[in-house]
Amino acid sequence: MARGVPSTAELVDALRGFLEQDVMPGTEGRLSFMARVAVNVAATVEREIALGPDQARGHAERLAALGFGDDDELARAIRAGELDDRLDEVVEVTRRNVVERLGLWNPRYVEPEDADLILQMPADGDGPPDSNTPDKGR
């Protein structure tokens, strides 16, 4: 915490901790379920804060290597058949983007053989859990 002002990541971590440690144990039924959903949302936000900028940079670099500035340009070229001779490259860029996005939304959706494609959370123990299962990672 710089100068007494918590970062966005610290605020989200505090919210997730409150929900996991204080709200979920004291609730049941629908309220407990909704708290679990909120914990999952907070974990997703934490992953987005930690990994999103690097993943976006990497995706932009991969698009640039194909000769495109954004996904819309790539999609237009694919529809026009302009990349039919570079299908392997296009599949790799697209697949990597999908795997990285899934890793942000819910790492459990990523196949074990693709786990190395996801940038890893810091190993300091303060990051979000590596899945959207609230009882893991804390």
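Read-outs: derived from the displayed coordinates by stated rules, not from any lab. All values reported here derive from a predicted model rather than from experimental measurement. Ideal geometry is used to build each Cβ from the backbone, glycine not excepted, and the neighbour counts take in all protein chains shown.
Annotation for segment 1-106: trypsin sites (Lys or Arg not before Pro) lying in DSSP loop with at most 16 further Cβ atoms inside 10 Å of their Cβ are R3. Evaluated with a Cβ-only charge set (Lys, Arg +1; Asp, Glu -1), segment 8-117 carries a dipole of roughly 460 debye about its Cα centre, given to the nearest 20.
Counting other Cβ atoms within 10 Å, keep those with at most 14, restrict to DSSP loop, and tell me which GluC sites (Glu not before Pro) in segment 40-115 are left. Mind dumping the intermediate values first?
Working: sites: E46, E48, E61, E73, E82, E89, E92, E100, E113; in loops: E82.
Here the sparse-neighbourhood loop sites are E82.
Would you kindly state how much longer the chain becomes between A65 and T27 on full extension, computed as 0.36 nm times their sequence separation minus their alpha carbon distance, in nm to one decimal? Display every interim value, and only then the final one.
Details: separation 38, 0.36 × 38 = 13.68 nm, distance 5.10 nm.
Taking 0.36 nm per residue and subtracting the Cα distance, the gain is 8.6 nm.
Of the residues A77, V23, T8, the one whose Cα sits farthest toward the positive end of the charge dipole of segment 8-117, with +1 on the Cβ of Lys and Arg and -1 on the Cβ of Asp and Glu, is V23. Whole-Hz Karplus values for segment 41-52 come out as 4, 4, 5, 5, 4, 4, 5, 4, 4, 6, 10, x Hz, taken residue by residue from phi with 6.51 cos²θ - 1.76 cosθ + 1.60 and θ = phi - 60°; glycine and proline positions read x.
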